Amino acid sequence: MSNLLHVIEKERYNANELKSLLGEHKHIKFVSLVGVDLGGNATDEKIPMELFLDDIESFLSSAVQTDGSSVELYEIATLNNAKVDLMPDESSRWYVDYNLEHIDVETNLPIGTLKIPAFLIHDNKKVCSRGILQKADSYFKTSLLEIFEQYPHMINNIGINDINEIDDILLTSATELEFWVNTPEDKADLEKLFVSQSLKEQYWKRTHGLIRTCLEKTLITLQAKGICPEMAHKEVGGIQSTISIEGKTNHAMEQLEVSWKFSSPLQAADNELVVREVIEDTFTTNGLEVTFKAKPIHGVAGSGKHTHVGVSAKLKDGSIRNLFAPMDMKEDYLSEIGYGALMGLLNNYEVLNPFVTSTNDAFNRLVPGFEAPVCIVTSLGHTYEIPSRNRSVLVGLVRDAKNPKTLRFELRSPNPLSNAYLVIAGCYQTMLHGIKAVAESKLSTKELEKELSKDVGEDSFYLDKDRAYRDENDVFEFYTLEERNKRFSAPPATVYENVRNLDIEKDKLEALKQGGVFNDKIINSFKVGSIDKWKKELGNRIIQEYSDRIRSYVKLHTKENMDALDEVNWNAISDIKFNVMKDTLTRSSIFTQIRDAIESEDYQIASKLQLELERNMEDVEKLYMQYKKNIY
């Protein structure tokens, strides 16, 4: 396996070197252009290597046509205009993806596919997630230099005397993945999982057996691909694996996390795709199932994908200056640029959130009490010297007073299936919007700290008057639901409520649209796609899943073993089952009402009914667990 080629750097993207390199690795038999649509789906077609080697120059300089109906570009790639081209991106790293279950008979090595990141082109325009992030990266850098030119105090106050000292603007991003792994067909014991989670029995514990082997293999493979993993460990969810006397894993249900080093925004998003594939291939090849769902098991910790963003300036003397860090880390939390970026993220989060949380599964994770960030709020720390580790906030400030280069923001709301390209692009767009406002205000860092720390009802030059944005408390323990909603605004509870903000918050939408990064066509396509997937999943998959669950709640007591309490509990369960699922001549069940609302395109009613359905399902599940415990 040490003979495998895992990565090709862009310095080697010329015809002669590629022919020579790939000629030495004849087990790499296919090429695949990887375009990422607006839904975060990556294309994966197989092109024989012979065709690629036959005319490399033409392949890299011209686009490969594909069918637009196979990618998620709602109202862009339409039936009467479905042609979409895949254009290779020669600025990014190429990876080799190996099929560990298919061995080449000549070399005795696994068959490989050279995966080349690509743009989706429609009507000569980039209409993909990759293209949006590339544009956001370029626009942020250009705009930042223009701001420094017009408002030199923004850099003077962090020790850069003149814009001519800046050689380049460096954007750094990274994501981290949490995921669940289990042996096939294992059923979740919710009570055991909940108790284990409450006791934190699994968090950071030593891995065993096949889980350990797969985790170690994953890190070794990522290192070979140049992704530089930093850490892998058990997360809070799961129960202890059991190993047979033969040393084989016969039961596993654990939550794990893998993190890796920072890169440029595009490379960071590309890296995440590769990490997901490596994890999935490694674990499934060894007979384990992996899921990246945000909330694979109801009532137990979901999986997050904290997204980190930072900005630095490379100076002509070779030094690197973190633009978010203040001149003196013991006198300020942030620089003016840092405060602007943080304010921009928070103030415009209503229009960024639809791109972060766009599925029913994602909303299932955002439950207070599981360190799920549902409130638009940040934490800076109690003092300048002691960094904040408040895990209840939406945006965390990661800072070390002794190492200003590491200062960055951590957006805690994304889940493993959030589209990293759009999330990172949206972060930089909203941060830039805030930086522009702060530059124009000419406020000092102390004044900006006061602005960010304002209370509900206090005026602000940029932030909403009727909200608070900073809190050092655990916002779920310190405030009631009503108090949280009053201080930080009521968060959307369904996909429909979230996507509707793209229509309601027209002023804030300008933050995403500046520079033409997110244009009306792209936003509308994403919006239509999100609603379409939401209603289809709600009207079909969710109702079917809940129907099966309702039918599984059966009467267990008899006259011989019952108590009046059993009868009371069962009647309460029956009432909910009836309300949720059973139609009568005089009333429709919640299931039927939802289907009718979707059919008539009354999505607001469907959204409200979805919340009513979730409350009923939560109640009946708790009641049935209580009911079962009393049956002997």
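The values are calculated or read from the model by the stated rules, or taken from the named source; none is laboratory data. Bear in mind the structure is a predicted one, so any value in this text is a computation, not a measurement. Every residue, glycine among them, receives a Cβ derived from its backbone with ideal geometry; neighbour counts consider all protein chains shown.
Tabulated data
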{"item": "Any hit, segment 271-290, residues being closer than 28 Å to Thr142 by Cα, crowded, with 20+ Cβ neighbours inside 10 Å and at pLDDT 95 or above", "result": "yes"}
{"item": "Any hit, segment 28-41, residues being in a helix (DSSP H, G or I) and closer than 16 Å to Asp89 by Cα", "result": "no"}
{"item": "Residues (among the aliphatic types (A, V, I, L, M), assigned to a helix (DSSP H, G or I) and modelled with pLDDT under 95) located in segment 582-632", "result": "Met625"}
{"item": "Residue within segment 496-509 that is part of a loop (DSSP other than H, G, I, E, B) and either under 20 Å from Thr78 (Cβ atoms) or of a type in the set (Asp, Glu) (or both) present", "result": "yes"}
{"item": "Test: residue in segment 102-114 that is touching a residue at least 12 places away in the same chain (Cβ under 8 Å), out of contact with any Cys (no Cβ under 9 Å at 6 or more places or on another chain) and closer than 29 Å to Asn519 by Cβ", "result": "no"}
{"item": "Segment 515-562 - residue that is in contact (Cβ under 8 Å) with a residue 24 or more places away in the chain and not in a helix (DSSP H, G or I) and, of those, surrounded by the most Cβ atoms within 10 Å (Cβ to Cβ)", "result": "Phe518"}
{"item": "Among residues of segment 401-417, those that are among the hydroxyl-bearing types (Ser, Thr, Tyr) and buried (at least 24 other Cβ atoms within 10 Å of the Cβ), counted", "result": "1"}
{"item": "Odd one out for Asp507, checked against (1) under 26 Å from Gly396 (Cβ atoms); (2) free of Cβ contacts under 8 Å to residues at least 24 places away in the same chain; (3) charged (D, E, K, R)", "result": "(1)"}
{"item": "Condition broken by Asp168, with the remaining ones in (1) modelled with pLDDT of 90 or more; (2) assigned to a helix (DSSP H, G or I); (3) surrounded by fewer than 16 Cβ atoms within 10 Å (Cβ to Cβ); (4) not hydrophobic (A, V, I, L, M, F, W, C) satisfied", "result": "(2)"}
{"item": "Positions within segment 171-200 being modelled with pLDDT under 65 and under 26 Å from the mean Cα position of the chain (by Cα), in sequence order", "result": "Ala188, Leu190, Leu193, Phe194, Ser196, Gln197, Ser198, Lys200"}
{"item": "Any hit, segment 4-13, residues being farther than 14 Å from Tyr95 by Cβ and assigned to a loop (DSSP other than H, G, I, E, B)", "result": "no"}
{"item": "Segment 119-136 - residue that is surrounded by fewer than 24 Cβ atoms within 10 Å (Cβ to Cβ) and in contact with a strand residue (DSSP E or B) (Cβ under 6 Å, 6 or more places away or on another chain) and, of those, nearest to Glu24 (Cα to Cα)", "result": "Phe119"}
{"item": "All positions within segment 314-324 that are more than 27 Å from Thr383 (Cα to Cα) and either touching a strand residue (DSSP E or B) at 6+ places or on another chain (Cβ under 8 Å) or buried (at least 21 other Cβ atoms within 10 Å of the Cβ) (or both)", "result": "Lys314, Leu315, Lys316"}
{"item": "Residue match in segment 47-58 (condition: among the polar types (S, T, N, Q) and in contact with a strand residue (DSSP E or B) (Cβ under 7 Å, 6 or more places away or on another chain))", "result": "no"}
{"item": "Count of segment 269-296 residues which are in a loop (DSSP other than H, G, I, E, B) and more than 18 Å from Pro229 (Cβ to Cβ)", "result": "7"}
{"item": "Set Leu613, Leu565: member being surrounded by 14 or more Cβ atoms within 10 Å (Cβ to Cβ) and hydrophobic (A, V, I, L, M, F, W, C)", "result": "Leu613"}
{"item": "Selected residue (only one of Ser489, Ser460 is free of Cβ contacts under 8 Å to residues at least 12 places away in the same chain and touching a Lys or Arg at 6+ places or on another chain (Cβ under 9 Å))", "result": "Ser460"}
{"item": "Residue in segment 423-439 that is surrounded by 15 or more Cβ atoms within 10 Å (Cβ to Cβ), touching a Pro at 6+ places or on another chain (Cβ under 6 Å) and either touching a residue at least 24 places away in the same chain (Cβ under 8 Å) or part of a helix (DSSP H, G or I) (or both) present", "result": "yes"}
{"item": "Answer residue from segment 231-251, given it is surrounded by 14 or more Cβ atoms within 10 Å (Cβ to Cβ) and modelled with pLDDT of 75 or more and is nearest to Glu272 (Cα to Cα) among those", "result": "Ala232"}
{"item": "Count - residues of segment 440-457 that are free of Cβ contacts under 8 Å to residues at least 24 places away in the same chain, assigned to a helix (DSSP H, G or I) and not charged (D, E, K, R)", "result": "1"}
{"item": "Residue within segment 121-130 that is under 21 Å from Asp37 (Cβ atoms) and in contact with a Lys or Arg (Cβ under 6 Å, 6 or more places away or on another chain) present", "result": "no"}
